[in-house]
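To keep things clear, I will list the structure first and then write my remarks on it.
The numbers here are math on the coordinates, done by the rules we state, and not lab data. Everything quoted here is computed from the prediction, not taken from an experiment. Note that we place each Cβ from the backbone using ideal geometry, even for glycine, and neighbour counts take in every protein chain shown.
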């Protein structure tokens, strides 16, 4: 009898746990499940570029330094945002983003369309000391990026890991990851031509921090900032200002 | 503490520590010059410190056979200490990080001290360090008292508490070194996440086994909230942190979720971390410590059941309100908005239930700062859940999102609700645990209360102002139809508020330091039995059934 | 049957709602079931009793 009583109350505790799971998780599943089929609704962008190894390294620096805490990368479908930052963000643009960096707070401006708006030199000077460029800025200074050589040894594993979760890097891209990273910051080099062949003619090759002798974290971060918003060719008509709300 | 364990248990504790330390050693060796190796060393040091404690008490006499006749409160006591230590650390980082927004040179040109790296040390320090330890400590206390049975296991509660703190330590040290997944409130990398899964499953088992052994026919509602907290946080943590490490010798990993899916999973996690970590768990505290302190049963037990299931059900749908007007499909945004508004019903049911419990005991609220902490927490809970539902409405969100209004809302909840209910609960729990008639200094509790209230109000009002001003400035047009303000113009308008919020945060930090001191002195003060009873006055059951109408 | 995006969305929008209503009904029945009344009444007052050691 005592044994039976014990088993009964133990069962209620477990049954209770199951009820919590039923209440809590089904809601989540119902809401999230459709997103697994979202590829069907995402806009098509046949010419979408991949992040080059240097840009990916820059993205990882952006992640490491927590830039997302102050900068969003998501222009909402509101008139003032489209006028301030440019064409509103499309789902397809973050198709290869692991993780997404949409952000949740704009202590600084949105960066979804920052690529190509300023020169490399501006970015380097700004990252060096934001207050020399914009006296009122409260952004931290990132001088150490110019001093720190970029760690390229892991680039192959980076690309490999990305491929394993569905980003279409080819074996050739993975094999040449280190060379491609160096080539992107060394204009007119032999390898730069190969880089363009692999990642497309639009890839920006530049001595990002102004020095070609050493690949620094500054090179990588500026390369990443310069590609933001330029992975996808947006149709010209959409770039005009939009009504304040997109039709459902 | 060690004297509570048998010789066998002391040996297994050491064995477990050696096992974990060996894992740390392996990480240190294979990690090369990656932060992975530094984390290996931290794990070894962490184990060494605990092992030193175990060894120092190794020769203590073994416990009496009838351990089952007493509650197991040692993990709770240590948990309270760790919680307050994390509170002071996390709030200090908060004040520093807030000051950096007003005076950016306070980063001192360091990489480790720049805003982006220390901001997560603040959020992790207060949410997981302070809040998490307080939840573990109080849940262990409440589940034993309400089940009238000793906690299951001797070492496993310690494993939960200390293992959890190792996770927090790995997280925070990682941010300084730049180890982060960049998922807000889920920043720690894959190995720390895996470790948390092990710890959390143990927590679940300890809690469930204790409930299963209970001597009461019914599971008290506070335990429901704790259980929902444990179960759902496990689900959220696992789904959101699915990632592929670039290698097993490095800290870096890539989340398996791409773009839009990642955004949805992240904010499904992020919002439910608020729901089940910062709301459900602390409602568990509320439903036990508030009736205890007020010496009045909860106003309506049925209402607490209804609001429990309401909160558990609705919250899960609400996450997408973080993504209004983004590239997330429109119907998901609307679904999130609808459920966020409906959430107000169970939230206010809980708040109303708590306030009606106090109805008729307002004299106690007036005289007892501890009870006032809890009442103020309930008021802030009601306000911030209303604000949350309001901000989830799409047009409101178009103004508030990306601004300091969100930050103000979060802190109305975090300072006003989470921290105040925790302090109120700890001031109830500490004298009871250490068998003291009352806190070391009731005057310091009073001082802490007013510092906390002043700090919260200054902070929240500053952020409301700055958020709404900035949101409006961003969308102001000139008569010619062009944007009136550059981004920098709107930033310049923020500086006075950034200074005010730093002051508010500093007051709150000061209160937490005073509270830590008070708790420390209560525990250290020599035992002085009360005149009539060995039960703390405030918890005396003598008048429990007689409402003080 | 082909499971595409619209099917899943339709399922989420319709059955999700029925699930919500059903769940709510079950919770209400449990809460207001007459024989549970005494249980709940005991539960809410029992925590105020003296609890300095486990009950054996």
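In this calculation the C-beta distance from residue A:148 to residue B:106 is compared with R0 = 22 Å, giving a FRET efficiency of 0.50. By how many degrees, 0 to 90 and rounded to 10, does the Cα axis of helix A:217-227 deviate from the longest principal axis of chain A? That helix lies at roughly 80 degrees to the long axis. Remark on segment B:74-526: hydrodynamic radius 22.6 angstrom, per the Kirkwood mean of 1/r across alpha carbon pairs. Projecting label points 7 angstrom from Cα along Cα→Cβ for residue C:39 and residue C:18 puts them 2.8 nm apart.
Normalising the average separation of contacting C-alpha pairs (under 8 angstrom, six or more residues apart) by the number of residues puts the relative contact order of chain B at 13 percent.
Short-range pairs are left out: with C-alpha atoms under 8 Å and at least six residues apart, the relative contact order of segment A:53-227 is 31 percent.
This ranking places B:74, B:59 by how few other beta-carbon atoms lie within 10 Å of each, fewest first, which gives B:59, B:74. Helical runs assigned H by DSSP (4 residues or longer) give chain A a calculated mean residue ellipticity at 222 nm of -13000 deg cm²/dmol, each run adding -39500 (n - 2.57) before division by the residue total. As a proxy for reagent exposure, B:307, C:45, B:251 were ordered by neighbouring Cβ count within 10 angstrom, fewest first; the result is C:45, B:307, B:251. Applying 1/(1 + (r/R0)^6) with r as the Cβ-Cβ distance of residue B:65 and residue B:25 and R0 = 45 angstrom yields a FRET efficiency of 0.75. With all pairs of separate Cα atoms included, segment B:1-60 yields a Kirkwood hydrodynamic radius of 12.0 Å.
Computed over every Cα-Cα pair of segment B:125-250 and binned at 5 Å starting from 0, the pair-distance distribution P(r) comes out as 2, 10, 20, 23, 17, 12, 8, 5, 2, 1, 0 percent.
Using C-alpha pairs under 8 Å with a sequence gap of at least 6, the mean separation divided by the residue count of segment B:10-132 gives a relative contact order of 21 percent.
The reciprocal of the average 1/r between distinct C-alpha atoms defines the Kirkwood hydrodynamic radius, which for the protein assembly as shown equals 28.4 Å.
Peptide B:305-317 shows a mean partner chain C-beta count of 6 within 10 Å per residue C-beta. Neighbour counts of C-beta atoms inside 10 Å place A:107, B:312 in the sequence A:107, B:312, starting with the fewest.
If you look at the Cα atoms of segment A:167-225, you get an Rg and a Dmax of 11.0, 31 Å.
Label-to-label distance for residue A:201 and residue B:523 is 7.0 nm, based on points extended 7 Å past Cα in the beta-carbon direction. Taking label points 7 Å from Cα along the Cα-to-Cβ direction, residue A:48 and residue B:513 give a separation of 5.1 nm. Compared with the dominant principal axis of the Cα atoms in chain C, helix C:5-32 is inclined by about 20°.
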